[in-house]
Amino acid sequence: MEQEQSVVSVELGLDALRLMHKVISQAYETWPGGCAEEQECLFTLRNQLYAALMDQLLDIEAI
């Protein structure tokens, strides 16, 4: 049975958000194999960070 996971909120500046997305993307692209759940987690996290980055960039453009 799968355990419930806690939800954590993190505040990042735009530069830190870009770096996090870059690092997670690289980890996903160079994933050496192993537990498929880890690869799925990297995929999901990469996409969520990308969405957050695009939201921030669109907010900046609207100003």
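Readers should treat all values here as calculations from the given coordinates under stated rules, not as data from a laboratory. Given the structure is predicted, the values throughout are model-derived calculations rather than measurements. Neighbour counts are summed over all protein chains in view; Cβ atoms, including those assigned to glycine, are modelled from backbone coordinates with ideal geometry.
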- Using the 10 angstrom Cβ neighbour count as an exposure proxy, how do Arg46, Arg18 rank, fewest first? Arg18, Arg46
- Message: For a quick size check, give me the Cα extents of the range 14-62 along its three principal axes, largest first, whole Å.
- Response: 42, 15, 12
- Charge sum, other residues only, whose C-beta stays under 10 Å from Leu49's C-beta, Lys/Arg counted +1 and Asp/Glu -1: +3
- Message: If the only charges are +1 at each Lys and Arg Cβ and -1 at each Asp and Glu Cβ, what is the size of the charge dipole of the chain around the Cα centre, to the nearest 20 debye?
- Response: 240 debye
- From the residues Leu58, Thr30, Thr44, which one has its Cα farthest along the dipole of the chain in the positive direction, the dipole being from +1 and -1 charges on Cβ of Lys/Arg and Asp/Glu about the Cα centre? Thr30
- Message: For the chain, what does the relative contact order come out to in percent, with C-alpha contacts under 8 Å and a separation of six or more?
- Response: 36 percent
- Item | Loop-resident sites, the range 7-49, for GluC sites (Glu not before Pro), counting at most 11 other Cβ within 10 Å (DSSP) | Glu11
- Once the Cα atoms of helix 36-62 and of the chain are each reduced to a long axis, what angle between those two axes, in degrees from 0 to 90 to the nearest 10, is obtained? 10 degrees
